[in-house]
Amino acid sequence: MANVKTAISLQEPLFREIELLAQELQISRSRLFALAAEAFIQRHQNRKLLQAINDAYDDLPDETDQLLAQKRRQRHRRLVEEQW
């Protein structure tokens with residue numbers, strides 16, 4: 001895969017922290033930025049997936065619907081038991 005160069009602007013304290021961490025991890029700044037970007041993208045995708053899951057469960061029956069369904073099941077059970 002081809003690499004692409006880019007220039008970014010950072011506040012100096014953040015740049016110093018990046019320098020120190022890259023040295024500590026014994027990786028290049030470029031590799032550190034790539035790892036950080038990959039992690040950020042993964043977290044963003046996970047948040048989107050979680051939101052989609054939450055949206056899917058948003059349409060669950062409310063208390064009233066659940067109570068009505070329970071009463072229907074009870075009535076159905078009684079009807080079936082009466083037939084046997």
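Here, each number is a calculation from the coordinates, and none is a lab measurement. Every value quoted in this text rests on a predicted model; they were computed, and no experiment measured them. Neighbour counts run over all protein chains shown; Cβ positions are idealised from the backbone, glycine included.
Side notes on the structure shown:
- Relative protection proxy for 4-10, 55-61, from highest mean packing down: 55-61, 4-10 (other beta-carbon atoms within 10 angstrom).
- Taking the Cα centre of the chain as origin and assigning +1 to Lys and Arg Cβ atoms and -1 to Asp and Glu Cβ atoms, the resulting dipole is close to 260 debye.
- Scattering curve values for the chain, log₁₀ I(q)/I(0), Debye with Cα scatterers, q = 0.22 Å⁻¹: -1.07
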